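Would you mind keeping the following structure in view while I ask a few things?
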Ligand code: GLN
């Protein structure tokens, strides 16, 4: 068996038709990954022995789960019991969590074959997957380019066909932006829809785990598995989980799609604009009604995010002190010096920048001017959406203002890097569900993504609209040549 670009249905069918065991699935996945890793480097660390052990356990089960034997890559910030989980950071070197994240328990109970260690920006700080301790991941569509970030490894693994699906995390766009840049589907569910228990925290009020897949049907299936109330996460919401697959292949006649006028202004590649408008027109032809809406506070979203995100991160990262987890520097004189040396040597440059930014805006004297103010603006941004959704059912925008850029191109220009998420950050600040789906290619054949946003807990609307678009376009069938 040789993996190609299988979606979940195709892979499942092949396993059944050929009567393959989980061990056979693991073996072919490992050999495919070993081959492709030379090009894409989608995994920061990769433990074939662990994967084989998991497959053997699966072969001892009744094979009933809806993900039985299907290879799913897991971002390196989601805890897999006894599996290396390092957030692509030196400071978590060798860390093996003694427990499973809730999403991992859920995937296990459906029989998924888990592959941990998908590469990422260190602690999920980044939009290019270049700040990883393990070195950069590459975009399968052009190996000289970044795959996007921070879930660049998960996305590259799906896009290159190494695995069938993956989990990532999204704090400001980390699932959607790389999905857009690599031509796959990536969804950030509503805040509270998916348990964050066992996700190593970046910014607790923004983080969500979500699926990365080849098409929207797979996204719906994975979302069904990982969603649901969890008493171990106090921000998890006890909201009924619909059968998301029921919303595939439906008519969108009369569905009102909002186009925010503020999202198509300067800074966006003309080709991205063109392809997104083409997509809007296709949705219109399929029966949707297009309405112009306004999200006037969007222009403050990036600055708001870069106060709130780093503030929460600086506090979440305080626990990495050389005592509890992973790495400890061996050159120190006393306890305080040990903390300092460990954090100096253990964190990369971007992580230090975030800790400094966050500590500054939380410090007394600056708290009111920055953190408190940012929280107020966050409320205004949420209110904009609230008003917009009185006029439309869902909102369409580009996912990323540009296609994939070259490795190294923005590393010395953090501000330029931060602007990669200008269209994705608002959904995190407002807690809304949003998905990126492929909607075209630029002149170099690099993928372009369309973002759909919906009101809280209305992932069904995203699935319905995305599925309709997928049925009238061919973009999610495109695959990279991997040269
Ligand atoms: N690129 C954004 C950042 O660097 C978003 C990251 C994310 O969603 N984890 O903060």
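Given points 7 Å out from each Cα along the Cα-Cβ axis, report the residue 265 to residue 471 separation in nanometres with one decimal.
Calculated label separation equals 3.7 nm.
Given a Förster distance of 25 angstrom, what is the FRET efficiency for residue 9 paired with residue 81, based on the Cβ-Cβ distance and rounded to 0.05? Walk me through the numbers before you get to the answer.
Values: r = 29 Å, r/R0 = 1.17.
Using R0 = 25 Å, I get an efficiency of 0.30.
Next question. How many nm separate the modelled label positions at residue 277 and residue 380, each set 7 Å beyond the Cα in the direction of the Cβ?
In this crude spin-label approximation the distance works out to 3.0 nm.
Here's another thing I want to ask about it. So in the chain, what percent of DSSP beta bridges are antiparallel if you round to the nearest 5?
For the chain, the DSSP antiparallel bridge percentage is about 65.
If you average the sequence gap of Cα pairs under 8 Å that are 6 or more apart and divide by the length of region 418-483, what percent do you get for the contact order?
Contact order relative to length: 27 percent.
Hey, rough spin-label estimate for residue 412 and residue 364, points 7 angstrom out along Cα→Cβ, what's it come to in nanometres?
About 4.1 nm, to one decimal.
Rule-based calculations on the coordinates, nothing more; no lab input. A quick note: this is a predicted structure, and the numbers were derived from the prediction, not measured. We place every Cβ from the backbone using ideal geometry, glycine too, and count neighbours over all the protein chains shown.
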